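Everything below concerns the one structure shown next.
None of the figures in this text is laboratory data; all of them are computed from the coordinates on show. Owing to the predicted nature of the structure, the values given are computational and were not obtained by experimental measurement. So basically every Cβ, Gly included, is an ideal-geometry build from the backbone, and we count neighbours across all protein chains shown.
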């Protein structure tokens, strides 16, 4: 709907930010310059979409931007890929272990393998799915380490830290406000300027072909309007539990691993080529 701001907050901080955006429509009298119209817009209606269920994130965010500011931006990184392990950029310095929930220093930040995008209660859903993905990634790499441990100079036997899958969680409470941000900010959140980084949008809505592809390579959506019943039963039926989401993301990432990482590489032509890209599939850059 033109000129309508739709905000779907994920926690209390984002709700506060949403009401501030609403109040600004009446306190800020500057015209919205992006619209070309004989009568410029002074204010826009705001639809704040909350939930009957409890709002809140299962884990403490590990970035400096908080929900209140993030709403004004339309989207922001709420949980970056530094949960258990991280290494200095370009291999400079030894691996660094960070405390869970801590905000890592800038020099330890690294690019994600996967960006999971959600809004409202779905942000908590993808954060739980991230925990499962990290567990699967570690298990997968541990098995590879055991398989290659007998080979000389094996990367899996010499590297003390497994190459965990790196997953970034983005809360996108308002598409319209995010679209108004400059390209640099949008790229910094979604990593849309990196073709090898997989972006997946997750939303409990039957909204196929209505805009999710603008922000993500794939979307996990509902095939129908919904069902009546207990929330847990409906989520299992519609495959919107953390385990289902993690399985779909993992499958997409494994297929994504077939992207040729270097110029001159040949496409997969059998099991031997597939093995040569196992590290990439497991989450290492």
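General remarks:
- If R0 is taken as 25 Å, the Cβ-Cβ distance between residue 252 and residue 131 corresponds to a FRET efficiency of 0.90.
- In nm, spacing of pseudo-spin labels at residue 43 and residue 19 (7 Å Cα→C-beta vector): 1.7 nm
- Note on residue 237/residue 6: beta-carbon distance plugged into 1/(1 + (r/R0)^6) with R0 of 35 Å gives a FRET efficiency of 0.85.
- Protection proxy ranking of 217-230, 14-27, by the mean of other Cβ atoms within 10 Å over each peptide's residues and highest first, is 14-27, 217-230.
- Ordering 188-198, 233-243 by mean Cβ neighbour count within 10 Å, with the highest value first, yields 188-198, 233-243.
- One chain, two ends: residue 176 and residue 193. Fully extended at 0.36 nm per residue, the span grows by 4.1 nm beyond their Cα-Cα distance.
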